Amino acid sequence: MAYILLGIVLLPLLGSIINGLLGKKLSKSNVATIASGSIGLSFVLSIIAFIQLQSAENRVINVDYYKWVVSGMLDVPMGFWLDSLSSLYILVITGVGFLIHVYSIGYMHEDDGFSRYFSYLNLFVFFMLMLVLGNSYVTMFVGWEGVGLCSYLLIGFWFKNHAYNDAAKKAFIMNRIGDLGFILGMALLFITYGSLNYADLNKPGAITYTSATTAIALLLFLGATGKSAQIPLYTWLPDAMAGPTPVSALIHAATMVTAGIYMVVRSNAIYSLSETASLVVGIVGGVTALWAAIIATLQFDIKKILAYSTVSQLGLMFLGLGANAYSSSVFHVITHAFFKALLFLGAGSVIHAMGGEQDIRKMGGLSKKIPTTYLTMLIATIAISGIPPFSGFFSKDEILAHVYEYNKGLWALGVIASMLTAFYMFRMLFLTFWGYFRGGSELYKHLHESPSVMTIPLMILAVLSVIGGLLGLPELIGAKNWIGHYLDNVILIKTYLGLSHSIEWMLMGIAVAGAVASIYFAYQLFVINGVLPVEDEAELKWWQKIIYHKFYVDELYDFIIRRPIDFLGKVVDRFFEKMVFNGINDSISSITLFLGEWIRKIHIGNIAYYIMAMTISIIVILSMIK
Amino acid sequence: MINGISIDYFILLSAVLFTIGAIGVMARRNSIIIFMCIELMLNAVNILLVAFSTLHQNAEGQVFVFFVMTVAAAEVSVGLAILTMIYRNIKSIDTNLLSNLKD
């Protein structure tokens, strides 16, 4: 087992190293085979590990490879921890990751940085696996930072574009703020509970309520808001769409951004103990879900819509975490990975067909030209909108039911957010695929379906988006909630739905009715009335303008954070740098110059004079010896 | 006492010779004279070494003098070669003219 886990993690690293060092010399098909093959093998090994885990004691496998950090009380092993939670995560990471690697072969085929791209992508998978498999918070942090690095590298993949580099830096810096919280949380966790290893922390009674529990939970949550793009650190994710589209699918939709949820679920014992922290998580998640959903309704860049949709869906997951419905959130992570990866890959296929155009105002009527992409995206759109029996419905409904039980106000936020989700997703779908083409006849001739290396992953993901709900069919309809029970041994303090069946049916009905109403509204607006997003900002109403400009949050951050720092920098530059430091340096050099000019005069170049000086000096020295 | 002569006189002779040498090196400009003055200083030291060697009935000092004389001979041969080169370059052996390094 130790070797299987090692293989799962190290194969992508090996692929990354080979492609990174030798990629220029290998042919494109070899690069693609190595990159996809390593992830594919890793996926196969993950399945084997998953099967073996079922027969393991307590469904936990803990492997220590060597002692990594030993210092005083701190004892951190380098090893892997495979349990219900991480086994699901590695399946999603390697499975969806494999499909996205295959898709990338088609998408990136014309790119000069083909081998570099795959090297980064493999490296990302390696770090992501480290993150979820590591058996202590420190190992998790290694992966946490590593995926941040890969995210930075891939957002700025086309580094010749300055705006893309800025987006990459923004993502990195925003994550850094969150990471500070993570480190502090980890330190406090260690001080309070004496260990950072899951093995120690998972012992019964290892975690009890102390005055520091809430602080630990909130600090760790700050880390999660950075990585998982929640208020107040969400603004990097929409900008991260600068990277290649498959990267957005893998990193910024399916896997990396769900690391925050993984971390909170991993620390569920702490969050369950602190009501304050849970409430904060819930409120932040709920508000983010609604906030991002509102912004998404007026975006016109197909990837930006999906980015805000991701932020909103992540918000929904945190809302579930706030209600201590951990397994429901993990369920939503998985279904979301399916349909959101599909949406991004579909968007990539659309962008591919449109020759790089991302503006939905220039699209329309694409369903005839690219039917496979259209059908698969339609499935994903229905899934994310929460229409039964597609996967998104079950996971979202489970979260909302738990939230209803927890706090009705937060539940209202979640329901409005998911209604908006249905609205903006169908707005995107109608504007992209329905109606008539608005991009000009020149481009219309160019339109073509993507090669099968791209469409087959779309189809597989479409199937998964449809049937993903089977993982967690609600007990309400007489099914066994498999994922809920599967995660039982990870979640230390369990929450069960105490709602009566009639209320559950009612909640389900409200959610479905809301989604259908939103879709009908979008249909009325964009298909029957043929409303198009305006080209000119001036035609927007004042409230639309605010949403169009994303509530001016970037501008606000610019004003309250960047400007003061800029100003401080200028003051320091003017005063300290120019006056104090330069003054000190200049005066030292002028003193030296002055002394040199003076001492120079002793050297008159007369040998006799030198000898006399020498003789006198010797006499003086000798006379001093006693 | 060496052969009835007090050691003081040897020291005095040596000191006088050394001082003459030292002043000569400092005051004269002719390189050859400076050379001779250096030899004078070396020999002043030699006298002292021999005198004390005899006084203490210890041959080490006299052995040392041979070394000094050998080294002095070697030094003179090298020094005179340098002087010859200087003369070829500046047609003079006046040390005050050798001030090219000053500026």
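Worth pointing out:
- Cα gyration tensor shape of region B:7-93, rounded if a/c is under 1.5, else prolate or oblate by comparing a/b with b/c: oblate
- Relative contact order (%) - criterion: Cα under 8 Å, at least six apart; region: chain A: 12
- Model label points for B:Lys91 and A:Ile588, set 7 angstrom from Cα along the Cα-to-Cβ axis, are 5.2 nm apart.
- Taking the charge dipole of the protein assembly as shown about its Cα centre, with +1 at Lys and Arg Cβ atoms and -1 at Asp and Glu Cβ atoms, the residue from A:Tyr404, A:Gly439, A:Leu342 reaching farthest to the positive side is A:Gly439.
- Think of region B:7-93 as having a plus end and a minus end, set by charges on the Cβ of Lys, Arg, Asp and Glu; of B:Ile7, B:Val76, B:Tyr87, B:Tyr87 sits farthest toward the positive end of this dipole.
- Once the Kirkwood radius over Cα pairs is known for the protein assembly as shown, the Stokes-Einstein relation at 10 °C and 1.306 mPa s delivers a diffusion coefficient of 51 µm²/s.
- Calculated FRET efficiency, A:Met614 to A:Val580, Cβ-Cβ distance, R0 = 35 Å: about 0.20 to the nearest 0.05.
- Placing +1 on the Cβ of every Lys and Arg and -1 on the Cβ of every Asp and Glu, with nothing else charged, gives region A:410-511 a dipole about its Cα centre of roughly 180 debye.
- In degrees, nearest ten, helix A:391-406 long axis to first principal axis of chain A (Cα): 80
- Part-to-part distance (alpha-carbon centres) for region A:485-531 and region B:35-103, which is given in Å: 109
- Nearest 10 degrees, 0 to 90: helix A:563-572 Cα axis against chain A principal axis: 0
- The protein assembly as shown - mean residue ellipticity at 222 nm from DSSP helices (-39,500 (n - 2.57) per run, n ≥ 4, rounded to 500): -23000 deg cm²/dmol
- Quotient of C-alpha Rg and 2.2 N^0.38 Å, computed over region A:283-548: 1.02
- Average Cα contact separation per residue, region B:7-93, under 8 Å, 6 or more apart, as relative contact order %: 26
- If R0 is 30 Å, the Cβ-Cβ spacing of A:Asp166 and A:Val571 corresponds to a FRET efficiency of close to 0.75.
- A:Met506 paired with A:Leu532, simple spin-label distance in nm, labels 7 Å along Cα-to-beta-carbon: 4.6
- Student exercise, chain A dipole from Lys, Arg, Asp, Glu Cβ charges, in Debye to nearest 20: 840
- Unit charges on C-beta of K, R, D, E only; dipole of region A:283-548, Debye: 220
- Close amide H pairs (under 5 Å, H built 1.01 Å from N) link A:Arg438 with A:Met363, A:Gly364, residues at least 5 positions away or on another chain.
- Comparing Cα centroids, region A:241-285 and region A:589-610 end up 71 angstrom apart.
- Folded to 0 to 90 degrees: helix A:213-227 orientation relative to chain A principal axis, Cα: 90
- Computed with every protein chain present, the accessible area of A:Asp573 is close to 60 Å² [probe 1.4 Å].
- Only alpha carbons enter this Debye calculation for region A:508-626, each as an equal point scatterer, and the log10 of I(q)/I(0) it gives at q = 0.11, 0.13, 0.21 Å⁻¹ is -0.81, -0.89, -1.17.
- Exposure of A:Trp543 as accessible area (Å², to 10), given a probe of 1.4 Å and all protein chains: 120
- Area of A:Glu539 that stays accessible when all protein chains are in place (1.4 Å probe, Å², to 10): 120
- Note on the protein assembly as shown: dipole from Cβ charges, positive end direction compared against A:Ile561, A:Tyr117, A:Val257; the farthest Cα belongs to A:Tyr117.
- Approximating the spin labels as points 7 Å out from Cα along Cα→Cβ, the A:Val70-to-A:Leu14 distance works out to 3.0 nm.
The values are calculated or read from the model by the stated rules, or taken from the named source; none is laboratory data. In this text the structure is predicted, and so the values were computed from the model without any measurement. Every residue, glycine as well, gets a Cβ built from its backbone with ideal geometry; the counts of neighbours run over all protein chains shown. Heavy atoms of the whole protein, side chains included, go into the accessibility calculation; ligands, DNA and RNA do not. Shrake-Rupley method; radii C 1.70, N 1.55, O 1.52, S 1.80 Å.
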